[in-house]
1. If you take the residues in region 21-52 that are farther than 28 Å from PRO91 by Cβ and not polar (S, T, N, Q), which one is modelled with the lowest pLDDT?
2. For region 33-59, how many residues are more than 14 Å from the chain's Cα centre (by Cα) and either of a type in the set (Asp, Glu) or open to solvent by less than 20 Å² (accessible area, probe 1.4 Å) (or both)?
Amino acid sequence: QVQLVESGGGLVQAGGSLRLSCAASGHTFSSSTMGWFRQAPGKEREIVSANRLSGGATYYADSVKGRFTMSRDNAKNTVYLQMNNLQPSEPAVYYCAAAFDVGVVVTATDYDYWGQGTQVTVSS
């Protein structure tokens, strides 16, 4: 059974940084696509970043380009999201998600497995 466990959320001042982690288990992840999404209250879940663990380009939403970096440790089946210069508009629950046998997909419905989410709060 695939399990995704996020950690690293918390409270940060505007302009600050956080690093989220997503530990995956229960499947061979070498060919998986991993994505980071976020959902603010009253809003739809939106893609933040995505890439394939086997390599290739990483997708970033325009709103986070240059500030967020997605990386992975294949040996640990863990992906990370380094978030710098967080903005007051970005508090949300951040989720990691996994999809298999697809390319770099950016729509929530393309993902088969989800973590429980981790809350990110940004104070102004």
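1. Filtering first and then ranking leaves PHE29.
2. 1
The values are calculated or read from the model by the stated rules, or taken from the named source; none is laboratory data. For clarity, every value in this text was computed on a predicted model and none was experimentally measured. Every residue, glycine among them, receives a Cβ derived from its backbone with ideal geometry; neighbour counts consider all protein chains shown. All accessible areas refer to the heavy atoms of the entire protein, side chains included, with ligands and DNA or RNA removed. Shrake-Rupley method; radii C 1.70, N 1.55, O 1.52, S 1.80 Å.
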